[in-house]
1. How would 157, 40 line up from fewest to most surrounding beta-carbon atoms within 10 angstrom?
2. Could you rank the peptides 170-178, 20-28, 231-239 by their average count of other C-beta atoms within 10 Å per residue, with the highest value first?
3. Is region 176-237 best put as rounded, prolate or oblate by its Cα gyration tensor, with a ≥ b ≥ c the root eigenvalues, rounded for a/c under 1.5, and otherwise prolate when a/b is larger than b/c, oblate when not?
4. How far apart, in nm, are two points set 7 Å out from the Cα along the Cα-to-Cβ line at residue 169 and at residue 185?
5. In whole Å, what is the distance between the alpha-carbon centres of region 196-240 and region 21-42?
6. Pairs of alpha-carbon atoms within less than 8 angstrom and 6+ residues apart define the contacts here; what relative contact order does region 176-237 have, in percent?
7. Between residue 221 and residue 195, what length comes free when the chain is fully extended (0.36 nm per residue of separation minus the Cα-Cα distance, one decimal in nm)?
8. Report the residues of region 1-38 in range of a label on residue 101: point 7 Å along Cα→C-beta, backbone N strictly under 18 Å from it.
């Protein structure tokens, strides 16, 4: 893949495969979490939502592997819900895959059964994306048609890849001088709250601190959705 292709590519799966070798498990897991949060309305079972929350905490080292395993085992029993909702199984499978330790090693994949899969060369972010797509394709209620059309467009998932992984062809060097108290406070507050409406303000604060890198400033001021794992916020907070 070339840089020109990366900037306009419309297949998120290929982009994830391209960055897999050079990306941290944290970044891949936060992509998986972000995908699951896009279909939060389909995760009616609280155990699946908890799995996503634990996956996010595990990505940042805020829960143990034992806690991850407990959340995973609870999530795979979502079928025992007393009033299961039809056609949401792939959504729950996405939540289950998000909290896997790895895509294949040390875990049983048969609980995600019923959907074709070959995990052997795939990362869990790619697997979660597949199940998210399945869940959205199975939405069939009239009042959800617009939502279905919105989220099954691959542009959404490609924007999310660029949001978290940035441009791998143009790595950015971030100066410690730009980490002023204001910059750090803004970035940390957005990360903790998952409310990224202050991104344009972060751009102004970075510029006041001496940052003139157009890629950083443009990303902060863009209207695209932001999420935990945002490559600019990660640079500010020193996360990888």
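1. Ranked by crowding around the Cβ, least crowded first: 40, 157.
2. Values: 170-178: 11.3, 20-28: 15.6, 231-239: 20.2.
Highest to lowest by the protection proxy: 231-239, 20-28, 170-178.
3. Working: a/c = 1.71, a/b = 1.20, b/c = 1.42.
Since a/c reaches 1.5 but b/c is at least a/b, the shape of region 176-237 is classed as oblate.
4. Between residue 169 and residue 185, the simple spin-label model gives 4.0 nm.
5. Centre-to-centre (Cα) distance: 19 Å.
6. Details: 49 pairs, mean separation 27.1, N = 62.
RCO, region 176-237: 44 percent.
7. Values: separation 26, 0.36 × 26 = 9.36 nm, distance 1.46 nm.
Contour length minus Cα-Cα distance gives 7.9 nm.
8. Taking a point 7 Å out along Cα→Cβ of residue 101, the residues of region 1-38 whose backbone N falls under 18 Å are 25-26, 29.
No value in this document is a laboratory result; all are computed from the given coordinates. Small disclaimer: the values here were computed from a predicted structure and weren't measured. For neighbour counting, all protein chains shown are included, and Cβ atoms are generated from backbone atoms with ideal geometry for every residue, glycine included.
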